[in-house]
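Since the structure comes first, as structure tokens, the remarks are kept for the end.
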Amino acid sequence: MRRSSYPDQEVSSINWQAFKLILPYLFEYKKRIAFAMSCLVFTKIASVYLPFILKDIVDTLDANTTGAESALIIVPLGLVAAYGLVRLSIVVFAEIRDTLFGRVTERAIRRIGLKVFRHLHSLDLDFHLNRQTGGLSRDIDRGTSGINFLMRFMVFNIVPTLLEIVMVVTILFVKYGIWYAVITLSSILTYIAYSVFATELRTRYVRAANIADSSSNTRAIDSLLNYETVKYFTNEEFEAQAYDQQLSTWEQAKIKNRLSLFALNGGQALIIAAAMTAMLALAASDVAADVMTLGDFVLINAFMMQLFMPLNFLGFVYREIKGSLANIENLFGLLAKAPKVQDVPDAAILNLAEQGNSTINEASIVFNNITFAYNAKRPIIRGISFNVNAGEKVAVVGQSGSGKSTLVKLLFRFYDVDSGNIKINGQDISQVSQQSLRSHIGIVPQDTVLFNDTLFNNVQYGCPTASEDEVLKAIDLAHLSEFITSLPDGLETVVGERGLKLSGGEKQRVAIARTILKNPQVLVFDEATSSLDSHSEQAILTAINEVTKSRTSLVIAHRLSTIIDSDNIIVMNHGEIVEQGNHQQLLALEGQYSKMWQLQQS
Ligand SMILES: Nc1ncnc2c1ncn2[C@@H]1O[C@H](COP(=O)(O)OP(=O)(O)OP(=O)(O)O)[C@@H](O)[C@H]1O
Ligand SMILES: [Mg+2]
């Protein structure tokens, strides 16, 4: 048995589209970028000029040693000082440039981070049920750091380095003749061609390492989330081994990754060394033949260093950019994923009479012959029609798995129905905005999950703008006060991840308090009291009756005693309605409901 591993991704070719997506963020700070660019141009000019100073120093020294002794001290000192100054300014301007640009990348990362976050929340429930949190968070991490790298180097390395190369080659050609330019240019071309080829080959190892990295993280997070289950079954060793298996896949992928890097770097170094040797041999023979001065020899040497350093860097940048693009791929893939449930264009707002403004509640719900399946092969809801008139309380009962909670998810539009429609106050819920639909419905779900925050904040979540008094009132209505006073930290108690430090019944009451605070016109209770003892249940039911009095409510329950006062009771079986009516009518039918009732009474 094994839980699913990270899904294999379709290995597509690298997506240069990423550049297009990043560009707008670069243009957000035009002035900053312009200033950083001018620093950059200055650095490049200075660094091309530097070897000339070096040449002059050497030539002066050379002349001095053969000529008069008098100028020996004075002239080189000035040049040496100039050399030092230019060197320093190169570094300083590079630092200024990076500092200026840092702001631009950080803003871009913030924007993209928020965009991804919003997008994740816009995706449908199905995506989230299938998601693997650990792997997902890794993809996002790698994606943002990839973006950072890409922006920095796109602006500051590729274009400027090419510029520098052109300058140096031109100088070599003009000052020393065609051969120097030919050697330089051909070695540069070979270098670039080799780098591109080898990097292309490497990309798949980078991808494989990424996939392995995400899946081991998925495994670790999933295992930790199931901490208790692991203990119940004393499966620590099993978990460790499964995790280690993932880690070893990652290790293998990394080894290949490293070996391919070695081949890449080695090849690049070979090309550079060959070119350097050829150039120096040529220059040395020219000096020997007295065509060149010693200063020229040093100048050429310095130029070569200067040229190959950025070139080497370009190789590194190209490699990293490819790597970054591979990293960003998953992130942009995520952004490209369209939610299955979407608002129609120009979706209307769900209109309900404002609670308080009007005593009339307009929120009638109509389920009109709906069918639905999570998976086409297994229908869950097979043609269900019923009404919940405004202000009424309707109960839905039936066997476990008959599709009751699914009905609620459809009402909340977590999924779209396959056929038929659901209307609230005459408006088809698929035609109104999800935001307006959900803002009118309050749900106490079957399994409440809480934020790892204080009790107070968890309740206030129902209406973030609610005052403290309103929150306390909701807590009181949900019969939570007594429990809270018994806590050493009271309302400031932190509930633990997913609320696991509370009992099932306490969590349910927090969920009820939240919903009371939200104060919607439609209320849904999905087994809202299932975790409560009969005493608390009675108290909560009174509270629920209080809040549902003027509202439309849908109540799902297993314990029939909690819903006998409903205006209508729907009995479901295998996604169909088998009986409906009020408690007395259903008992008189002597069908499924009356059987269930008798069973629960005895
Ligand atoms: N996201 C999903 N993907 C696939 N199948 C699902 C999904 N959610 C629920 N199901 C299936 O749909 C059926 C109906 O589930 P639903 O939660 O609506 O049942 P229920 O009537 O609320 O049951 P219970 O009384 O146990 O809460 C179940 O068989 C369940 O396995
Ligand atoms: Mg259910």
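The values are calculated or read from the model by the stated rules, or taken from the named source; none is laboratory data. Every value quoted in this text rests on a predicted model; they were computed, and no experiment measured them. Reconstructed Cβ throughout: ideal geometry from the backbone, glycine too, with neighbour counts over all protein chains shown.
Mind checking which residues of the range 459-475 are in contact (Cβ under 8 Å) with a residue 12 or more places away in the chain and of a type in the set (Val, Ile, Thr)?
Listed by number, the residues that qualify are Val459, Val471, Ile475.
Which of the residues spanning the range 231-242 are within 22 Å of Glu497 (Cα to Cα) and buried (at least 17 other Cβ atoms within 10 Å of the Cβ)?
Once the filter is applied, which keeps residues that are within 22 Å of Glu497 (Cα to Cα) and buried (at least 17 other Cβ atoms within 10 Å of the Cβ), the range 231-242 yields only Glu239.
If you go through the range 507-554, how many residues are within 17 Å of Phe412 (Cα to Cα) and over 36 Å from the mean Cα position of the chain (by Cα)?
Looking only at that region, the number is 3.
Filtering the range 401-417 down to residues that are of a type outside the set (A, V, I, L, M) and more than 10 Å from ligand 2 (Cβ to nearest atom), which residue is surrounded by the fewest Cβ atoms within 10 Å (Cβ to Cβ)?
Asp416
Of the conditions (1) in a helix (DSSP H, G or I); (2) modelled with pLDDT under 85; (3) out of contact with any helix residue (DSSP H, G or I) (no Cβ under 7 Å at 6 or more places or on another chain), Ala281 satisfies every one except a single condition; which number is it?
Unmet for Ala281, out of (1) in a helix (DSSP H, G or I); (2) modelled with pLDDT under 85; (3) out of contact with any helix residue (DSSP H, G or I) (no Cβ under 7 Å at 6 or more places or on another chain): (2).
Give me a count of the residues in the range 425-453 that are touching a residue at least 60 places away in the same chain (Cβ under 8 Å), of a type in the set (A, V, I, L, M) and closer than 26 Å to Ser503 by Cβ.
So the answer is 3.
In the range 418-447, how many are buried (at least 18 other Cβ atoms within 10 Å of the Cβ), within 34 Å of the chain's Cα centre (by Cα), more than 16 Å from ligand 2 (Cβ to nearest atom) and assigned to a strand (DSSP E or B)?
4
Can you work out which of the residues in the range 538-575 that are away from ligand 1 (no atom under 16 Å from the Cβ) and more than 21 Å from Lys473 (Cβ to Cβ) is surrounded by the most Cβ atoms within 10 Å (Cβ to Cβ)?
Among those residues, the one meeting the criterion is Thr552.
Can you name the number of the only condition in (1) out of contact with any His (no Cβ under 6 Å at 6 or more places or on another chain); (2) touching a residue at least 60 places away in the same chain (Cβ under 8 Å) that Ser534 fails?
(2)
Can we say Ser12 is outside any helix (DSSP H, G or I) and either modelled with pLDDT of 80 or more or under 31 Å from the mean Cα position of the chain (by Cα) (or both)?
When the stated conditions are applied, Ser12 passes them.
Looking at (1) within 18 Å of Lys322 (Cβ to Cβ); (2) out of contact with any Lys or Arg (no Cβ under 8 Å at 6 or more places or on another chain), which one does Asn257 not meet, given that it meets all the others?
Here Asn257 meets the rest and fails (2).
Listed residues Pro310, Pro339; which is modelled with pLDDT under 75 and closer than 30 Å to Asn148 by Cα?
Pro310
Within the range 365-400, which residues are buried (at least 16 other Cβ atoms within 10 Å of the Cβ) and near ligand 2 (Cβ under 10 Å from one of its atoms)?
Within the range 365-400, Val396, Gly398 meet the criteria.
Determine which member of the set Thr548, Thr542, Thr515 is at pLDDT 85 or above and away from ligand 2 (no atom under 16 Å from the Cβ).
Only one candidate qualifies: Thr515.
Are any of the residues in the range 82-98 surrounded by 15 or more Cβ atoms within 10 Å (Cβ to Cβ) and within 26 Å of the chain's Cα centre (by Cα)?
No, because not a single residue in the range 82-98 is surrounded by 15 or more Cβ atoms within 10 Å (Cβ to Cβ) and within 26 Å of the chain's Cα centre (by Cα).
Given the options Phe456, Phe483, name the one that is in contact (Cβ under 8 Å) with a residue 24 or more places away in the chain, assigned to a helix (DSSP H, G or I) and over 36 Å from the mean Cα position of the chain (by Cα).
Going through Phe456, Phe483 in turn, just one is in contact (Cβ under 8 Å) with a residue 24 or more places away in the chain, assigned to a helix (DSSP H, G or I) and over 36 Å from the mean Cα position of the chain (by Cα): Phe483.
Cβ contacts < 7 Å: first residue of a type in the set (Ser, Thr, Tyr), restricted to the range 540-568; second residue within 16 Å of ligand 2 (Cβ to nearest atom) and assigned to a loop (DSSP other than H, G, I, E, B), any location; separation 6+ or different chain. Result?
Thr562/Thr529
So which residues in the range 134-154 are buried (at least 21 other Cβ atoms within 10 Å of the Cβ) and under 14 Å from Arg111 (Cα atoms), if there are any at all?
Gly143, Ile147, Met151
Identify all residues within the range 373-414 that are in contact (Cβ under 8 Å) with a residue 40 or more places away in the chain, of a type in the set (Lys, Arg) and within 13 Å of ligand 1 (Cβ to nearest atom); write none if there are none.
Correct list: Arg382, Lys404, Lys409.
Given the conditions (1) crowded, with 22+ Cβ neighbours inside 10 Å; (2) more than 16 Å from ligand 1 (Cβ to nearest atom); (3) assigned to a strand (DSSP E or B), which single one is not true for Gly462?
(3)
Among the residues of the range 418-451, write down those that are in contact with a helix residue (DSSP H, G or I) (Cβ under 8 Å, 6 or more places away or on another chain) and away from ligand 1 (no atom under 16 Å from the Cβ).
Once the filter is applied, which keeps residues that are in contact with a helix residue (DSSP H, G or I) (Cβ under 8 Å, 6 or more places away or on another chain) and away from ligand 1 (no atom under 16 Å from the Cβ), the range 418-451 yields Ile424, Ile429, Ile441, Gly442, Leu450, Phe451.
Working only within the range 206-229, note down all residues that are buried (at least 20 other Cβ atoms within 10 Å of the Cβ) and of a type in the set (S, T, N, Q).
Across the range 206-229, the qualifying residues are Asn210, Ser214, Ser215, Ser216, Asn217, Thr218, Ser223.
Return the residues of the range 586-597 that are in contact with a helix residue (DSSP H, G or I) (Cβ under 9 Å, 6 or more places away or on another chain) and surrounded by fewer than 14 Cβ atoms within 10 Å (Cβ to Cβ); say none if nothing qualifies.
Matches in the range 586-597: Ala588 only.
Conditions tested, residue by residue: (1) modelled with pLDDT of 85 or more; (2) aromatic (Phe, Trp, Tyr); (3) at positive phi.
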position: Pro160; (1), (2), (3): no, no, no
position: Val169; (1), (2), (3): no, no, no
position: Leu172; (1), (2), (3): no, no, no
position: Ile178; (1), (2), (3): yes, no, no
position: Ser215; (1), (2), (3): yes, no, no
position: Tyr227; (1), (2), (3): yes, yes, no
position: Val230; (1), (2), (3): yes, no, no
position: Phe233; (1), (2), (3): no, yes, no
